[in-house]
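Just below is one structure, and these are the notes that go with it.
The values are calculated or read from the model by the stated rules, or taken from the named source; none is laboratory data. Everything numeric in this text was worked out from a predicted model, so none of it was measured. Positions of Cβ are backbone-derived with ideal geometry, glycine not excepted, and every protein chain shown enters the neighbour counts. The protein model used for the area step is the full one, side chains on, heavy atoms only, and it has no ligands, DNA or RNA in it. Shrake-Rupley method; radii C 1.70, N 1.55, O 1.52, S 1.80 Å.
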Amino acid sequence: MTQGPHLPSNNSLIKWPLWLFCILWLAPAADAQIIRDVFGNVPAIRHPKEIQPAEGSPWKQIWHRHLFDFSDSINSLVVDPVVQAHWGQARGLETDAIWDNIRGARFRARIDGMWYVGGELLERQGIASPMLGHWAAQKRIPGWGRSKLGRDRGNNTADNAYYDVSRARGWCGWSNDTWFVDGGIDALHIGAGTGSAFLSMEAAPAPYIRVAREAGKHRSTIWATRWVGTERGPLGETAESLLNRSRALFAMQSWQLTPHLLMQGVYSFVQEKENSVAMGSWEGWNEGDLYRAQRHWGGLEVQLTGSIDAALPWRIYIQSATDVVPRQGEAYHTSTDRTALTHLAGLNIQVSSFSLQLEYIQRGNAHCRDCFGQLAADGVIQMAGPARALLENGGISVQAPWEESLRLNAHWGLSKALSLQLQAESNALFSWITPQFLWNIQTAWPLRAFASYTAGLHESETPSTNFSYWQLGVRSGLMSF
């Protein structure tokens, strides 16, 4: 699932004049299903904003309230449908049509003014775009996890991938403004960006339990979670062996050093549940010894913000994650850095109806599980020591799906209902740009109709191939992937 360490050629990158045009004139809309606190992280309390009673006829009220609202003076419970349906025509691809169908429901509730509960259950099928098809062909979808591939012995290549996947998210939280406790199944994003050097929005949901304490300008957080791999373990009493799993422990400390400077430190310990077998060539090990692959890693995030009273509010954020304990041996690949994991830098700007997010992220070779080795006397490269636990859940990196990526997300509110959004990205496999018009149909769910056009370049093919497709459809508060 990894991509080569090469960079896109200058000719294949999206031209800088176009990027500069986007930066000057456009900018990112917050996704309706992602709720983040002032630190940029997923909070324990995730509750919808109070919806004021809509005026006018019952027909008009439908477009401004939740589908089901069982709230009273103390408790609140809202249930909304989640839908995405769009179809598009493609050129330069094996498939002629691209379509996506997501359906499900999402709910959030407040009980006795203390407990906050929410969740969603979604199903999804479709014929993938090239960028999504790269992952669907490997039976995994960013933000969702493991998926099915193919239909009637066809539609099982990256350029013509039929995918079938489901996702469940749910949580229950409590807070007294000092202590925060929550648990459930979710991807706990860390940081100010869309991506993350620690846990990104494109990570698959995982079960977790978390405790946090906030005092003054400090917040301390610790949580435990479990990730699922893609390889199956030894055959047990069941007809099919279980997938390998990993236990992960996270600890995070946030400091608001000044009104404009925030720092967050992250430490994590990951250990695989299944045993691995040691090789006899390792110093200090006997051949056949059993061990569980593990990893100690962590890093820092720095957020620098401008004044909210300024004419152009902005936020610059930088993240860096590394292995705490160096790996033995040298990398099989070109890089010999045994500790560097992921680096990220981004910029957020928002002014009036314009917003902008520009973000760059890079993953290092140290992410690999067992690709560090040493040259033996017979000239064969052998593993130099115990494997490191993978930072993956459902076959998707918890930090970033692409090894290297430069992305732009921009939003311009043309009116109360109509907006123009632009997304662009360049990575080692694809360069693409997508302008789209969004029309707000329903503000409480929310539900939008959209029309988009995508033009891109497939980098990994020789020679590189151009592709394009347009799409029409509706979307209810869902991420791009």
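Laid out as a table, the results:
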read-out: Separation in nanometres of the label points that stand 7 Å from Cα toward Cβ, at residue 114 and residue 352; value: 4.8 nm
read-out: Cut-off 19 Å (backbone N to label point 7 Å along Cα→Cβ of residue 451), residues of segment 79-111; value: 85-91, 98-100
read-out: Karplus 3J(HN,Hα) series, Hz, for segment 108-121 with 6.51 cos²θ - 1.76 cosθ + 1.60 (x for Gly, Pro); value: 8, 8, 10, 10, 6, x, 10, 9, 10, 10, x, x, 7, 9
read-out: Summed side-chain charge close to residue 249 - residues other than residue 249 whose Cβ falls under 12 Å, Lys, Arg +1, Asp, Glu -1; value: +4
read-out: Karplus (6.51, -1.76, 1.60) ³J(HN,Hα), θ = phi - 60°, over segment 380-386, in Hz, Gly and Pro reported as x; value: 8, 7, 10, 4, 8, x, x
read-out: Label point 7 Å beyond Cα of residue 89 along Cβ direction - residues of segment 123-142 with amide nitrogen under 19 Å; value: 127-130
read-out: Stretchable slack from residue 273 to residue 466, in nm (0.36 nm times residue separation minus alpha-carbon distance); value: 65.1 nm
read-out: At R0 = 56 Å, FRET efficiency that the Cβ-Cβ distance of residue 283 and residue 64 yields, to 0.05; value: 0.25
read-out: Net charge contributed by nearby residues that have their C-beta within less than 14 Å of residue 140 (K/R +1, D/E -1); value: +1
read-out: With all protein chains modelled, accessible area of residue 231 [1.4 Å, Å²]; value: 120 Å²
read-out: Two-site FRET efficiency, residue 218 against residue 79, from Cβ-Cβ distance with R₀ of 45 Å, rounded to 0.05; value: 0.75
read-out: Two-site label geometry, residue 300 and residue 166: point separation in nm, points 7 Å out along Cα→Cβ; value: 4.5 nm
read-out: Summed side-chain charge close to residue 347 - residues other than residue 347 whose Cβ falls under 9 Å, Lys, Arg +1, Asp, Glu -1; value: 0
read-out: Rounded if a/c under 1.5, otherwise prolate or oblate - segment 404-481, Cα gyration tensor axes; value: prolate
read-out: Distance-filtered residues of segment 288-303 - backbone nitrogen under 19 Å, label point 7 angstrom along residue 339 Cα→Cβ; value: 294-302
read-out: Burial order of peptide ranges 319-328, 113-122 (average beta-carbon count within 10 Å, highest first); value: 319-328, 113-122
read-out: Among 212-219, 279-286, 384-391, 167-174, the order from most to least packed when residues are scored by Cβ within 10 Å on average; value: 384-391, 167-174, 212-219, 279-286
